[in-house]
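Here's a structure for you.
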Amino acid sequence: MISLSNKSPLASVNEDEIDLEDIIHTSDETVVELNRLCGEPFQMLENWLSSPATPTKQQTIYRQHNRIPFFPSEDSKLRATSLNIRRGGNCPNSLQVLEQLVGDRDALQLHLVSPLPDASSSAARRVVSSFGPQSKIDFSRCLYREGSTETASSYILRSQETGSRTVVNYNDLSEMTEDEFGNIARSFEAGEETWWHFEGRIPDTVQSCIRLLRNVLPNANISVEIEKPGREGLPQLASEVDVVFYSRSWAESRGHKTPEDCLKDEEHRKASLALCTWGAEGAAGLSRSSGETVRCRWPAQAQAQDVYGGGISVVDAVGAGDTFIAGMLYGLICHPGDWSTGRKLGFAVQLATLKVQREGFDGLGADMLKTADWRRLNA
C-alpha cells in the first residue's frame, strides 16, 4: 500500500500470495539470475497506495534467480551459470522510483507500510538499506513481525536448455489484517488529502479497507490495480475507486483486443481515470471528465518492435510495470492540474521505456527528468 499527502507518507503493505515479480532472497546454497523479460513490460503495481499521505499495500520480498544449463534431476548437484539477487516488491520498487521523481518537495512524505521481519533482524535491515543511505522514505508504519527472521522470498531456476522457470516461494510473515490497516489509516489526520493505491491481490480484504478509508479519511483518493486473470472480486474493486489500473493480461482474459476496448467496456463508474497498459505498445487512459480515450506509445507513433527492439536495447524489464505506476502517481499527485491526461500517460510510458534499458532503478528519475525526448514532449 502506498500513501502520499501534503507532508504525507508513502507506504507499502503486502498480501499473502507471492508473485514472481515481487521476490528476491539470498542464500548460500542457491544461485539466481533475474528473468530479464518476465511478464508484460508494463505489468501493473501489486500494492496499495495513498497520497498527500501515500500508503501502499504490498509484500516486500527478496528474489533470487539462478540461470542453470538444464533442470537438474532430483538429489543431484548442478553449478549455476549466473546469479542475480534483488529486493523485490512492486510497491517498494515504485516507491524507489517515485522518490527519485519527487526529489526534495517538502509537501510530500513517502512511506512504506509492509509486513517485515523482526526489526532487529538482518533481513529487515537489508530491506531498509536497499533504498540507499539518502532515502527519506518513512518505514515507521511497517509491521515488524516479532520473531520472524526472513522476508518473503522466491527462488527461481531458469533453464537455458528449455527456457523454463521453476519457482519456489517462501513466506513466513503473517499478512496485515483489516484491524492493523485501520490503525494505520487512523494515524493520518481525518482532513488530510491522501492517495491510497491497492494491489487487488486479495479482493475481499481490499474492499473492506477501501470502505474503511471512505469513512476514516473522507478526502482520500483511492486507486486499484486489476491484474490477475480469473481472480474473483476484481471487477467489484474497480467500481469502488477513483483511479483504475488494468493490465493487458487481465484485459485479454476478458476478451478485449485493445486497451481502448477494455476501458470502454469495463465497469468503473466512480473512477475519474481508468488506465490500461499494453506491454510494448504503451498504454491508454480514459478520463471521465472529458470522455476521451488517450493512447500513448513511445516514441510517438512507434510500432512495438521500435519500442523494445529497433533502437532500444532491453536490458532488464523486471519492474517496468512498477515504474509505470510511479510515473502515473507522480503526474497525478505532483501535476494534478497543469498536466493533461495525455501528458501524464506519456511521462509514465517513457519512464518505463527508460527503465527497461537498465539494470534496476538507480538514476532513473534524474535521467527521465532531463531526457531530450521528454523535454520535446513538454515543449
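The values are calculated or read from the model by the stated rules, or taken from the named source; none is laboratory data. The shown structure was predicted, so the numbers you read here are calculated from the model rather than taken from an experiment. Every residue, glycine among them, receives a Cβ derived from its backbone with ideal geometry; neighbour counts consider all protein chains shown.
Starting from residues that are part of a loop (DSSP other than H, G, I, E, B) and touching a residue at least 60 places away in the same chain (Cβ under 8 Å), keep the ones in region 143-155 and report whichever is farthest from Ser120 (Cα to Cα).
Thr151
Which pairs turn up if I take residues in region 276-288 that are without any contact (Cβ under 8 Å) to a residue 40 or more places away in the chain and look for partners that are in a helix (DSSP H, G or I) with beta carbon separation below 6 Å, at least 6 apart in sequence or on another chain?
If the second residue must be in a helix (DSSP H, G or I), the pairs left are Cys276/Ala251; Cys276/Pro259; Cys276/Cys262; Cys276/Leu263; Glu281/Ala304; Leu286/Leu263.
Select from region 161-206 the residues that are over 19 Å from the mean Cα position of the chain (by Cα) and under 16 Å from Ile226 (Cα atoms) and list them in ascending order.
Asp204
Could you list, in sequence order, the residues of region 186-229 that are touching a residue at least 40 places away in the same chain (Cβ under 8 Å), at negative phi and of a type in the set (Gly, Ala, Ser)?
Ser187, Ala220, Ser223
Continuing with the same structure: Can you tell me which residue is surrounded by the fewest Cβ atoms within 10 Å (Cβ to Cβ) among those in region 255-270 that are touching a helix residue (DSSP H, G or I) at 6+ places or on another chain (Cβ under 7 Å) and part of a loop (DSSP other than H, G, I, E, B)?
Looking only at region 255-270, we keep the residues that are touching a helix residue (DSSP H, G or I) at 6+ places or on another chain (Cβ under 7 Å), and these are 256, 259, 262, 266-268.
Within this subset, residues satisfying the condition of being part of a loop (DSSP other than H, G, I, E, B) are 256, 266-268.
Values: His256: 20, Glu266: 22, Glu267: 12, His268: 23.
Checking each candidate, the answer is Glu267.
Ok, one more. For region 341-374, what are the residues that are in a loop (DSSP other than H, G, I, E, B) and either in contact (Cβ under 8 Å) with a residue 24 or more places away in the chain or not charged (D, E, K, R) (or both)?
Val356, Gln357, Arg358, Glu359, Gly360, Phe361, Gly363, Thr371
Give me a count of the residues in region 88-130 that are buried (at least 23 other Cβ atoms within 10 Å of the Cβ) and not in a helix (DSSP H, G or I).
11
Can Arg158 be described as basic (Lys, Arg) and assigned to a loop (DSSP other than H, G, I, E, B)?
When the stated conditions are applied, Arg158 does not pass them.
State yes or no: is Ala185 buried (at least 20 other Cβ atoms within 10 Å of the Cβ), more than 17 Å from Ile333 (Cβ to Cβ), at pLDDT below 90 and touching a helix residue (DSSP H, G or I) at 6+ places or on another chain (Cβ under 8 Å)?
Numbers: buried (at least 20 other Cβ atoms within 10 Å of the Cβ): yes; more than 17 Å from Ile333 (Cβ to Cβ): yes; at pLDDT below 90: no; touching a helix residue (DSSP H, G or I) at 6+ places or on another chain (Cβ under 8 Å): yes.
Criteria not met by Ala185.
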